[in-house]
Structures are given as structure tokens and as C-alpha cells.
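Heads up, the thing below is written out as C-alpha cells.
The values are calculated or read from the model by the stated rules, or taken from the named source; none is laboratory data. Small disclaimer: the values here were computed from a predicted structure and weren't measured. Note that we place each Cβ from the backbone using ideal geometry, even for glycine, and neighbour counts take in every protein chain shown. Just so you know, the surface numbers come from the protein's heavy atoms only, side chains and all, with ligands and any DNA or RNA stripped out. Shrake-Rupley method; radii C 1.70, N 1.55, O 1.52, S 1.80 Å.
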Amino acid sequence: MTGAECGMPSAGGDGAVTAADRAPTDGTPPSEDPAAPSSGRPPVPEPGLDLVTFGETMARLENPVVGPMRHARTLDLGVGGAESNTAIGLCRLGGTAAWFGRVGDDEFGRLITTVLAGEGVRLGHTVVDRSAPTALLFKERRSGTLTRVQYYRTGSAGSRLRPSDVPHDLIRSARVLHVSGITAAISGTARQALDDAVGTARDAGVPVSLDLNYRQALWTPAEAGACLRDLAERADLVFATEDEARLVVPAAKSDGGGELAGLAASLAALGPREVLIKRGAAGVVALCEGRLHIVPAHTVPVIDPVGAGDAFAAGYLAEFVRGRPVAERLATATAAGAYAVTVRGDWEGLPSRADLDLLKSAEDTVTR
């Protein structure tokens, strides 16, 4: 299936590209303003980053207490985005990562770039779009066990991502390109950019990591299934929940205890050499390099489940780019996911290397 068959519109309309739309690559604050002065320096590609990723990151507003959002008198402000969460997670584990996308020329956009830069994520190819706002997400803690998320992203800066924003040299130099199904869903031009980035990575021999990340508010199961199948066929690693995997391979057999193993095998048959079926508190079923791995999750108190999958991907990829064995990748991934759910926020609980060792220590709750 080609990009066009994945529902991508042809170039033109909101996909038109001008020279002013190209993000600078020298690390200076990017802009879409045609009148903005040039630095006069040639583009400087990032040398050999572990991970390159991209997509839409949003400002996050969350009620600090449990209950309906309408009764909240204050909201906590933060940021959240599947791809940038993964980039932060990999940086905290000692890796190097770049994120690119579009943010609005507003305080929310500046918050996003400030937070990501503060976490060590490289932003030299990110575009400040002066014609569209930064998207918002609202997290409502409806009950002690239920979190609801609403998005306000139609016409946002992030949804205006386009092929001209893709830094091909940066992708070619990366150890892995990490992408998400969310980017395919937010707009036609973003889907074109995703297709372009994946094609660039494959041509350069850079492994492509795909988190299916289905969002029902963005597209129908039928639309998502066809497009995500196309992406999975071109990926080297695929992260998915069971429900997401069934969007792509709905005919996978159900046979009791081997059901998830069969589901992973059906996904792997599309082309990826590593498939990881995330099961939340039940752990992970992974088919990597032809071998099945079943790993339980850590038992921890769950404060906020949002971002756990991104943390898992970050932990796995942090070891993947270092060439570590599959067992070690899975151990770090499950530990990262455990840390993520114990803290409110999409990424705030992501662990450092030192934090990983704490899970291996005795069950004392105080370290001195």
C-alpha cells in the first residue's frame, strides 16, 4: 500500500510548501516568518542521535482533584505528546533524541519548547507556526480509577506538519526513527510527512519504530486499520496494545493461552522483526527476532496510566540503540512503564538509570 492508498491527499492546498516554511537546522529559534532574519550560517545536522521522532505535542490542562472538570477551580498546566514523551524518556535514560514538529507562536508553544529543551531533547528542526495555535488537551480525573482525555487540535499548528518540515539528513544519521499512528491521523499533510520520513529512514537503513497509538477521536477503526497496516509493513519494531493490534490483523486466531502469541506472529508476518504487545498491568508479550518473550509488569500503585506506553517504548528503544539483548530491553521497558504510572502527568515520572536500580533493590520504602 502506498502513501496515497493510505488516504493521503495529493500535494497542494494546505500542503503547499514555500521556502519560508522550512525549519532552520542550526539550533536557532525556528520561525515561519518570511521577514525573520537569517543567521547566515549553513545548516548543521545533528551528529548520530540515538532517536529522532516527530508529531504533535500539546499543552496539557488537568484538574488537580478527582471529579468532573466543570467543578475544578484550578487547572494544572503541563505538556503532553506521545512522541515527545518517548524522546524525553530516552534522554532520561542517557540517550540522545531530537523531536520536530510545529508549535504555535504562543505561550503554550513556548512552554512546549522550554520543557523539551530542559529535558535534553534537541529541537533544532522544530517550526514555530505563526498562523495557527498550539493544540490543547484536557485530562479529567473523573474518578480514582478513570481518566478521560479530550483534545482541541483541529486547525492546530501541529496538525499543519508537512513534508517540507522533514529533516532528511537528521533522520539518515539517527540510530532509530520512532513514529506514531497519531501523526497519520491528525491531517493529510502530517500523513504525507510521516510517509516521507519513513521512506527516508528505510532508504538509509535506519530502523523504523512504530507505536500504533490508535485514537478513536481522530479516525474510524476502518481508516486506522488500513493505514496502520501499511505503516507496520514498513516498520522494524511495532508497539501495540491488543486492541490496536487487532485493528491491523483482525483475522488473527484466538486460541486461549496462545492468543497473544498468535497476534504477535500475525503482526510480525507483515514485516517487522520485533513486535511488542503491551498489556498494562499484565506485562508484555513480545516476539523479537523469532523468539517469544512473556514478561510480567511490576506491581506498583497506579496514579495516572497516561503515558505508560510511551515510557515502555522509551525504555525499550534506549536499550535497542545500545545493542543490548532483548531481555534487557524488556526489563528496562517494563521498569520505565512502572515508574510512569506512579506519578501524575504524561512524562513527569519517567525514570533515570539510577531510578531503574531502585526497583531491583530491597523492598524498603526509604533510601538513605
Residues that are crowded, with 18+ Cβ neighbours inside 10 Å, more than 16 Å from the chain's Cα centre (by Cα) and not charged (D, E, K, R), drawn from the stretch 119-134 = Gly124, His125, Val127, Val128, Ala132, Pro133, Thr134
query = When the stretch 89-148 is examined, which residues are found to be of a type in the set (Ser, Thr, Tyr) and out of contact with any Leu (no Cβ under 9 Å at 6 or more places or on another chain)?
reply = Thr114, Ser131, Ser143, Thr145, Thr147
remark   = Scanning the stretch 52-80 residue by residue, those modelled with pLDDT under 90, part of a loop (DSSP other than H, G, I, E, B) and of a type in the set (A, V, I, L, M, F, W, C) turn out to be Val65, Val66, Ala72
inquiry  = Looking at the stretch 167-193 only, could you name the residues that are farther than 18 Å from Arg234 by Cβ, in a helix (DSSP H, G or I) and of a type in the set (Ser, Thr, Tyr)?
reply    = Thr189
key: Check on Ala226, more than 19 Å from Asp310 (Cα to Cα), in contact with a Ser or Thr (Cβ under 6 Å, 6 or more places away or on another chain) and of a type outside the set (Val, Ile, Thr)   = no
task = Restrict the check to the stretch 319-331 and report whether at least one residue is touching a Lys or Arg at 6+ places or on another chain (Cβ under 7 Å), crowded, with 20+ Cβ neighbours inside 10 Å and not β-branched (Val, Ile, Thr).
result = yes
query = Restricting attention to the stretch 93-112, which residues are open to solvent by 20 Å² or more (accessible area, probe 1.4 Å), closer than 30 Å to Arg329 by Cα and without any contact (Cβ under 8 Å) to a residue 60 or more places away in the chain?
reply = Thr96
request  = Considering (1) open to solvent by 50 Å² or more (accessible area, probe 1.4 Å); (2) not in a helix (DSSP H, G or I), say which one Val285 fails and leave the rest.
outcome  = (1)
ask   = Has the stretch 194-211 got any residue that is touching a strand residue (DSSP E or B) at 6+ places or on another chain (Cβ under 6 Å), part of a loop (DSSP other than H, G, I, E, B) and surrounded by fewer than 23 Cβ atoms within 10 Å (Cβ to Cβ)?
value = yes
request  = Looking at (1) open to solvent by 40 Å² or more (accessible area, probe 1.4 Å); (2) more than 18 Å from Asp236 (Cα to Cα); (3) of a type outside the set (D, E, K, R), find the lone condition where Gly307 falls short.
outcome  = (1)
